[in-house]
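The structure appears right after this line, and notes come after that.
The values are calculated or read from the model by the stated rules, or taken from the named source; none is laboratory data. Keep in mind that this is a model prediction, so the values were computed, not measured. Neighbour counts run over all protein chains shown; Cβ positions are idealised from the backbone, glycine included. Keep in mind that these areas ignore ligands, DNA and RNA; they rest on the heavy atoms of the full protein, side chains included. Shrake-Rupley method; radii C 1.70, N 1.55, O 1.52, S 1.80 Å.
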Amino acid sequence: MTTSLLLSTFTSPTGLYFLVFGALSLAMGVQGYRAAGSKASLIAGGISGLVLLVAGFLCISGGEKVKSGHIIGLVISVALLGKFLPAYLKTKKLYPAGIMAAAALLGLVAAAIGLR
């Protein structure tokens with residue numbers, strides 16, 4: 001990682017958040033597969049996690065790509081919120097639905113702030 005990319009990671013809180021959120025999504029997808037044998041969790045967590053990582057890298061890359069990163073992060077956050085918020089409200093279980101719903105809500109807010 002170049003020094004400028006490392007520095008831009010810390011000056012782009014939204015980009016940093018999407019990198020962390022992407023890693024969380026990947027980890028939760030793998031954990032869902034290991035715990036319950038859910039291939040759907042593995043695939044959905046893998047895809048959403050990788051797309052969030054791309055969004056994070058776009059946000060920290062600077063220039064014209066930043067807006068694209070925010071939009072991608074917003075779309076994935078809305079999709080994940082739509083999946084996990086109803087699940088949390090139904091089950092009241094913090095793990096995994098509550099954690100993912102909260103992370104998606106934060107992603108939505110971060111992207112909206114970044115886009116203004």
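Side notes on the structure shown:
- Average accessible surface area per residue within the chain, 1.4 Å rolling probe, Å²: 58 Å²
- Scanning residues 5 or more positions from SER38 or on other chains, those with amide H under 5 Å from its amide H are TYR33, with H placed 1.01 Å from N in the peptide plane.
- Taking the range 46-116 and dividing mean pair separation by its residue count, relative contact order in percent (alpha carbons under 8 Å, at least six apart): 30 percent
- A Förster radius of 30 Å combined with the Cβ-Cβ distance from ILE113 to THR91 puts the calculated FRET efficiency at roughly 0.50.
- Here Cα extents along the principal axes in Å was computed from the coordinates, and among (i) 55, 26, 22; (ii) 50, 26, 22; (iii) 41, 28, 18 the match is (iii).
- Backbone geometry of the range 28-41 corresponds, through the Karplus equation with coefficients 6.51, -1.76 and 1.60 at θ = phi - 60°, to 3J(HN,Hα) couplings of 5, x, 5, 5, x, 5, 5, 7, 10, x, 7, 5, 4, 5 Hz, x marking Gly and Pro.
- Cut-off 12 Å between beta-carbons: net charge of the residues surrounding SER41, Lys and Arg +1, Asp and Glu -1: +3
- Heavy-atom surface analysis with a 1.4 Å probe gives the chain a carbon and sulfur content of 73 percent of its accessible area.
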